[in-house]
1. When the residues of the stretch 65-108 are filtered to those that are open to solvent by 70 Å² or more (accessible area, probe 1.4 Å) and either under 30 Å from Met23 (Cβ atoms) or part of a strand (DSSP E or B) (or both), which remaining residue is modelled with the lowest pLDDT?
2. Regarding Ala58, is this residue surrounded by 10 or more Cβ atoms within 10 Å (Cβ to Cβ) and modelled with pLDDT of 75 or more?
3. Which pairs do you get when a residue that is closer than 16 Å to Gln44 by Cα, found in the stretch 9-26, comes within reach of a residue that is assigned to a helix (DSSP H, G or I) and open to solvent by 40 Å² or more (accessible area, probe 1.4 Å), reach meaning Cβ atoms under 6 angstrom, with the pair 6+ apart or on two chains?
4. Filter the stretch 26-55 down to the residues that are part of a helix (DSSP H, G or I) and within 15 Å of the chain's Cα centre (by Cα) and list them by number.
Amino acid sequence: MSDSQTRSAGEAAAKFHNTLAEMALAVARAADEPTVILSGGCFQNRLLLGRTTARLKASGFEVLLAARPAAERRRDRDWTACRIRMRRRLWVRRAARRQYASTEEHHNARRAQGKR
């Protein structure tokens, strides 16, 4: 059995990510530029992005990111959608209350509709 077969999946994944981060550092050193821009699908992986960024910064490079990772964009999008739904519900409730002269009329109308 080879060494790679006896390693756990987590150890293999960590070694893979570390190797990619080291390769990015080697390419940055070879390019001899002070600024590195990380972009593309592979840097949507937070672990790879974090390790690569840490190594580059520790070696004195300025690191720029082309966009936020997909997970962050998804979280923000989901939170925004949640806020919009909450505002719509609040607006509907307020509009329904304005229809009636009193809260009692509002409750009676909702009971008649079978909503309470």
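1. Arg68
2. No: the conditions fail for Ala58.
3. Correct list of pairs: His17/Leu47; His17/Arg51; Ala21/Arg51; Ala21/Arg55.
4. Within the stretch 26-55, Gly41, Cys42, Phe43, Gln44, Arg46, Leu47, Leu48, Leu49, Gly50 meet the criteria.
The values are calculated or read from the model by the stated rules, or taken from the named source; none is laboratory data. Keep in mind that this is a model prediction, so the values were computed, not measured. Methodologically, a virtual Cβ is constructed for each residue, glycine included, from the backbone with ideal geometry; neighbour enumeration extends over all protein chains shown. What goes into the accessible areas is simple: the full protein's heavy atoms, side chains included, and nothing from ligands, DNA or RNA. Shrake-Rupley method; radii C 1.70, N 1.55, O 1.52, S 1.80 Å.
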